[in-house]
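Note sheet for the following structure.
The values are calculated or read from the model by the stated rules, or taken from the named source; none is laboratory data. The shown structure was predicted, so the numbers you read here are calculated from the model rather than taken from an experiment. With ideal geometry, Cβ positions are generated from the backbone for all residues, glycine too; neighbour counts draw on all protein chains shown.
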């Protein structure tokens, strides 16, 4: 409707001008041509073309074509279009002119999507970051979360390299102990999971970071809101585009571990320093270690050539054929287990998009195939997606439309974190063990003194046929009606339906020291349906160009329902994946489960926007939410917000300051809520009947059991909403005719009523515990965005954007006692993180290592150490409280996973048909708890060891070593949380470098295409970091997948590296076509 009016008034005005110009402009030259977008070469309809110095002009048609008459060759044509930079062209001898217009970024940002409506950027009071789609797509990733890292201020993101996994996103720090994930709103439909979303379907993205901008979403907005609008069609000629890339991925860093000979030397030094006689099942008992020819022959270890045990006729790895008898040759040079499990893996994406329409309706259709094979063997992720968006004008004042995406995801071997994952097993396996035995079957730790790790490649191979498939339908239908000139009513109904099917088979093993004796098959299916019904009424009135008033009133109903069912059995006769059916296992070992949950949310909300003379701004928002998750007395909560703004640049005293194009001060205050971590049954007391916990032998015969009931879940009707109160102050400026954009913000965010899981009482140790409210947490910080753009000449353009984010997190109160704390990061030697009043959430806690004991005199003069024994070459623990006793009171906070700042630098340069873009990301100031060191640097089990342990342990000649003296009896040094595990997590990474070339128009015309662009791209080309782990991008990640309880995971266990899937280096070739 707006476009029709635009065309009508534009042509009417031109007609009037031409009427009054009369015969004075009787033309002698006729010029024709086409106007296109410089980036994608698509035609631009409605471009205004004027003859400079006159009122003569025309506009382009739907195909971007025009014809105009001029009176001389010296005439100059001015081409202008909303959202693009104007351009002047001298006619000269040209009868056909081809013009390309460049997007004016500042103009494009003038209208942005905010909560339930749109606003002009210059009028926004709240904290809203706008992310350019082209910057997102510059990173080849399967999900938009990973693409977002460093692209805007105030957003902290950390993600692994595992295919198909999303990244952890935190907006302005941490607002909860359990879940600080933001809310995502896609085409008006809320969701918490965007992994299914094809990034190539995104048209625009806005991030609402403070209460003034986000409180319209109430109880779901406490951790920020990411608003995504998918691609819509355009009126005009139908257009088909193809975007594809194909590339290769490779892990660039692994651990420096010992080879077979070095491992033996380490063992012998440990024996000698402990005063023991060497005696090892593989390396013998001589004065020096001797590498055997075979590590296993039947039940015999450390075997040499010629031994009768090496009888291949006895070889057997099938338990059904008798006793196991495996023969495994020693790898004398040492197995590189990381080389065995990592590979060069392909990644590819192919997108087909069709758009078009007319004044009556528009459409956009997208098809996408994304396939990322993992750099870890037998891992990968595939996604197929279809998107169909359309809208139609039933009448001038009535519009209807729909947005729909269907997706199918297929994951292979998705779980590989933690100490039992393949990446951890690669450093737990000894180098003397080969990948395969003498018959080509998998080798392993089945032998004397080989530890209890398992062959990681064997485990990955055995899981290659396991299934993890997700089907999803997401979208909405909507209708809009304009009436009484100033009113618009909109109604939208959205759905988010997901079903996930998983099956997994655990095979019997033969090569491990702790073999799996029976196979197991597990199958499960989960589904969830979330529907959202939203109705809004909007009023907009401008009074005498002085008062601009917008009022939005709305209601929203959201309901979620989900269920899951599954089971498992053991001892299957048939192990072919095509024959995996639960009924074929032994019934007596069958297990089954099912669950279900249901919740609802109803909301009323409103917003008032008022602007006086285009320079004084007021925004007020109110939302009332009611949730079924809470008890009757705490079910409803109110979330108000208010913001003010002053566009100083519109004041008369700024008229003479020509270099200031726009200057705005703004401030806001508001409250938001959170209920995401609260279970739907949190308020209820539930019972169950299980023979193990509630069966009774009432007859006293020991042969009869009568069913009883015990507590399944404790309820809490007093649980309340988490609520966050945010204050935000910002300055926005556009300087030097839009060449420089600056945005600076300071914020303070306090969360009250933090939700955590209650500690289980002794009277109900097996019952699930409810969420309770315990305390207050604060985040303060600064966001900065700078963008500078310019033209050296018409052929050479450039743009640079810098984002800077800093926040400080602090727990202000935990329960009533100042000494209360919560722990996280469970490990083999206790919890690694502690959250307490006055410290950031998930701070690392432990002892401070204060050098070594270099003499007996030092030992005699130092306090007794309760955690570890005092000895020459041993660690000295610092006596922090000065009481002359080393005990738990000397523990302190030794590190934080929170970075001091993160910054991103995005550069783009274009010269004629060539373009170059680069993106640098700098994370600075956080620490990482390198838990993997416990396995590699100490006498932990019998796995491989790091080069550090052999070459940088204390000796009289190396008193400034990193590790204590090698001692085969030392089982204490590594079993305390200490500063040794703390490493700097700072890093600088070149995340993207891309060079592209657009084919010239003359060649495109011959090929019958509008656009053809080819490019080569490098991703994660280098990383500069002092961190010794595989990947420093772990600051806010929680890699402990074994415990889902909010107290032991969530945001209370961040920054602990226990086997992360590293991000990889990628080299890609890409092609973009438009017809």
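Observations, loosely collected:
- The condition of being modelled with pLDDT of 95 or more, surrounded by fewer than 17 Cβ atoms within 10 Å (Cβ to Cβ) and touching a strand residue (DSSP E or B) at 6+ places or on another chain (Cβ under 6 Å) holds for only one of 272, 282, 250, that being 250.
- Under the condition of being under 16 Å from residue 432 (Cα atoms) and outside any helix (DSSP H, G or I), the residues counted in the range 259-281 number 3.
- Hits in the range 298-347 - residues which are without any contact (Cβ under 8 Å) to a residue 60 or more places away in the chain, under 20 Å from residue 284 (Cα atoms) and out of contact with any helix residue (DSSP H, G or I) (no Cβ under 8 Å at 6 or more places or on another chain): 299, 300, 303, 304, 305, 306, 307, 308, 309, 310
- The residues listed here are 718, 799; of these, the one that is in contact with a helix residue (DSSP H, G or I) (Cβ under 8 Å, 6 or more places away or on another chain), assigned to a loop (DSSP other than H, G, I, E, B) and either surrounded by fewer than 18 Cβ atoms within 10 Å (Cβ to Cβ) or touching a residue at least 12 places away in the same chain (Cβ under 8 Å) (or both) is 718.
- Condition check for residue 150: part of a loop (DSSP other than H, G, I, E, B), touching a residue at least 24 places away in the same chain (Cβ under 8 Å), in contact with a strand residue (DSSP E or B) (Cβ under 9 Å, 6 or more places away or on another chain) and under 24 Å from residue 1054 (Cα atoms): yes
- The set of residues in the range 969-1018 that are buried (at least 19 other Cβ atoms within 10 Å of the Cβ), in a loop (DSSP other than H, G, I, E, B) and either touching a helix residue (DSSP H, G or I) at 6+ places or on another chain (Cβ under 9 Å) or without any contact (Cβ under 8 Å) to a residue 60 or more places away in the chain (or both) comprises 970, 973, 974, 1010.
- All positions within the range 822-849 that are touching a residue at least 60 places away in the same chain (Cβ under 8 Å) and out of contact with any strand residue (DSSP E or B) (no Cβ under 6 Å at 6 or more places or on another chain): 826, 827, 828, 829, 830, 848
- One residue from 680, 724 being under 30 Å from residue 216 (Cα atoms) and either modelled with pLDDT under 90 or assigned to a loop (DSSP other than H, G, I, E, B) (or both): 680
- Of all the numbered requirements in (1) crowded, with 23+ Cβ neighbours inside 10 Å; (2) modelled with pLDDT of 85 or more; (3) in contact with a helix residue (DSSP H, G or I) (Cβ under 7 Å, 6 or more places away or on another chain), residue 190 misses one, and that requirement is (1).
- Among residues of the range 395-446, those that are at pLDDT below 95, more than 24 Å from residue 143 (Cα to Cα) and assigned to a loop (DSSP other than H, G, I, E, B), counted: 4
Every residue, every condition in (1) surrounded by 15 or more Cβ atoms within 10 Å (Cβ to Cβ); (2) assigned by TED's automatic domain parsing to the domain that holds residue 264; (3) in a strand (DSSP E or B), yes or no:
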{"site": "305", "(1), (2), (3)": "no, yes, no"}
{"site": "328", "(1), (2), (3)": "yes, yes, yes"}
{"site": "350", "(1), (2), (3)": "yes, no, yes"}
{"site": "369", "(1), (2), (3)": "yes, no, yes"}
{"site": "388", "(1), (2), (3)": "yes, no, yes"}
{"site": "393", "(1), (2), (3)": "yes, no, yes"}
